[in-house]
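Trainee: First the structure, then my questions, so here it is.
Only the coordinates and a few stated rules stand behind these numbers; no lab work does. These figures come from a predicted structure and were not determined experimentally. We place every Cβ from the backbone using ideal geometry, glycine too, and count neighbours over all the protein chains shown.
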Amino acid sequence: MKVGFIGLGQMGQGMAGNLVKAGHQVTVYNRSAGKAEALLKLGAGEARTPAGACQGDVVVSMLADDKALEASAFGEQGIIASLPKSAIHISSSTVSVALSERLTEAHPKAGQRFVAAPVFGRPDAAAAGKLFVVAAGEEAALGDCAPIFEAIGQRTFILGNNPATANLVKLSGNFLIASVIESLGEAMALVGKGGVDLHVYLEMLTSTLFSAPVYKNYGGMIADGKFEPAGFAAPLGQKDIRLTLAAAEHLQVPMPLASLLRDRFITLLAQGGEHLDWSAIGKLAARDSGQ
């Protein structure tokens with residue numbers, strides 16, 4: 001397929017690279033220069049504007065937040081102004097439900113199709129093509145996107161014909177991950193102050209009660225106190241919890257834990273943690289206890 005890719009951050013680099021390796025004709029665009037160099041060596045082409053990446057069958061956007069996606073989608077040389085009729089915009093960004101709904105309305109008016117397909121997985125999974133894709137959109141469009149999903153992920157979950165559903169599920173998943181990080185941090189602060197070796201404790205937890213990778217990976221980061229380089233930066237975690245709370249308010253669903261997590265991220269950022277991985281909230285409990 002002829003594919004455009006907009007957004008070459010840590011996740012976008014791996015995803016675009018796997019599309020090239022799968023044999024797709026890929027043209028990439030990134031707002032800041034220099035990010036495309038490794039992909040050009042693999043055989044990708046480079047666009048000077050978002051419009052230049054929108055000349056094929058599909059364009060994939062993998063951008064940091066609503067503001068970045070809005071600029072790329074609705075700008076004068078953006079996706080909606082440039083994508084051919086019947087072509088598909090796949091948004092893999094973690095953005096608000098409200099923005100996904102706007103895109104769902106705007107693309108058909110321009111004769112285009114829209115699929116929301118955010119992903120679960122950190123940059124190493126993106127590079128290995130091992131992401132989990134959660135996708136929603138019109139059935140035929142989802143079928144046409146299958147080769148893209150196969151190139152970037154190990155499994156795709158289809159969530160229906162309303163794209164915003166995929167964004168809601170993605171936000172709920174990130175809320176759960178942040179909840180795990182916070183609860184691990186509190187438990188490890190407790191046993192750590194009681195003299196327990198955190199690595200022995202983590203081995204016990206992940207060999208018995210909690211064997212899921214999220215506990216092993218984030219538990220290891222908390223035990224090591226290693227939050228740099230950030231695979232998923234703390235401001236992005238704060239953004240995702242804020243968007244979760246916005247969706248919850250719209251649907252009138254109380255989420256007390258999400259409110260707690262919002263405050264934990266604000267604390268981390270206020271203490272200079274902008275450059276740290278979002279898992280650094282897992283060390284706040286230990287810091288609060290004087291460790």
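Trainee: Compute the distance from the alpha-carbon center of the range 42-82 to that of the range 224-291, in whole Å.
Mentor: 29
Trainee: Mind jotting down the three principal axis lengths of the chain based on Cα atoms? Whole angstrom, largest first.
Mentor: 63, 45, 35
Trainee: Grab the alpha carbons of the range 168-288, take their convex hull, and tell me the volume per residue in Å³.
Mentor: Taking only Cα atoms, the range 168-288 has a hull volume of 101 Å³ per residue.
Trainee: Pull out the extension gain between LYS21 and LYS226, defined as 0.36 nm times the separation in residues minus the alpha carbon to alpha carbon distance; nm, one decimal.
Mentor: 70.6 nm
Trainee: Also, quick follow-up: Could you state the angle between the C-alpha long axis of helix 198-207 and the longest principal axis of the C-alpha atoms of the chain, as a value from 0 to 90 degrees rounded to the nearest 10?
Mentor: So the inclination is approximately 60 degrees.
Trainee: List every residue whose amide H lies under 5 Å from the amide H of GLY45, counting only residues 5 or more places away in sequence or on a different chain, with H placed 1.01 Å from N in the peptide plane.
Mentor: Answer set, sorted by chain and number: VAL26, THR27, VAL28.
Trainee: Please turn the phi angles of the range 93-104 into ³J(HN,Hα) values with the Karplus equation 6.51 cos²θ - 1.76 cosθ + 1.60 (θ = phi - 60°), one per residue in order, whole Hz, x for glycine and proline.
Mentor: Karplus values, whole Hz, x for Gly and Pro: 6, 8, 10, 6, 4, 4, 5, 4, 5, 4, 5, 4.
Trainee: So, one more: Order by neighbour count: LYS170, LYS216, LYS21, LYS283, fewest other Cβ atoms within 10 Å first, most last.
Mentor: Fewest-to-most Cβ neighbours within 10 Å comes out as LYS21, LYS216, LYS283, LYS170.
Trainee: Also, quick follow-up: Which ³J(HN,Hα) values, rounded to whole Hz and listed in residue order, are derived for the range 16-24 from phi using the Karplus coefficients 6.51, -1.76 and 1.60 in 6.51 cos²θ - 1.76 cosθ + 1.60 with θ = phi - 60°, glycine and proline given as x?
Mentor: 5, x, 6, 5, 4, 5, 7, x, 6
Trainee: Give the residue list of GluC sites (Glu not before Pro) in the range 20-106 that are DSSP loop and have at most 14 other beta-carbon atoms within 10 angstrom.
Mentor: GLU76
Trainee: Sorting SER61, SER279, SER82, SER259 on the 10 Å Cβ count, fewest up front, what's the list?
Mentor: By the 10 Å Cβ count, ascending, the order reads SER259, SER82, SER61, SER279.
Trainee: Report Rg/Rh for the range 139-211, rounded to two decimals, where Rg is the Cα radius of gyration and Rh the Kirkwood radius.
Mentor: Result for the range 139-211 is an Rg/Rh of 1.22.
Trainee: If you average the sequence gap of Cα pairs under 8 Å that are 6 or more apart and divide by the length of the range 1-141, what percent do you get for the contact order?
Mentor: 23
Trainee: When only alpha-carbon atoms count, how far does the range 2-161 stretch along each of its three principal axes, as whole angstroms with the largest first?
Mentor: 37, 33, 25
Trainee: Taking other Cβ within 10 Å of each residue's Cβ, how do LEU190, LEU83 sort, fewest first?
Mentor: Taking fewest neighbouring Cβ atoms as first place, the list is LEU190, LEU83.
Trainee: For ASN162, enumerate residues with amide H under 5 Å from its amide H, sequence gap 5+ or separate chain, H modeled in the peptide plane.
Mentor: GLY137
Trainee: With the contact rule set at Cα under 8 Å and sequence spacing of 6 or more, what percent relative contact order holds for the chain?
Mentor: It rounds to 14 percent for the chain.
Trainee: Further, regarding this structure: A 25 angstrom limit on the alpha carbon distance is what I want to check against. Which of LYS35/LYS130; LYS193/LYS216; LYS109/LYS130; LYS170/LYS216 exceed it?
Mentor: With Cα atoms farther than 25 Å apart: LYS109/LYS130.
Trainee: Using 0.36 nm per residue, how much length does the chain from ASN161 to LEU257 gain when fully extended, once their Cα-Cα distance is taken away?
Mentor: Contour length minus Cα-Cα distance gives 31.6 nm.
Trainee: In deg cm²/dmol and to the nearest 500, what is the mean residue ellipticity at 222 nm of the chain if only DSSP H runs of at least 4 residues count, each as -39500 (n - 2.57), divided by the residue total?
Mentor: -16500 deg cm²/dmol
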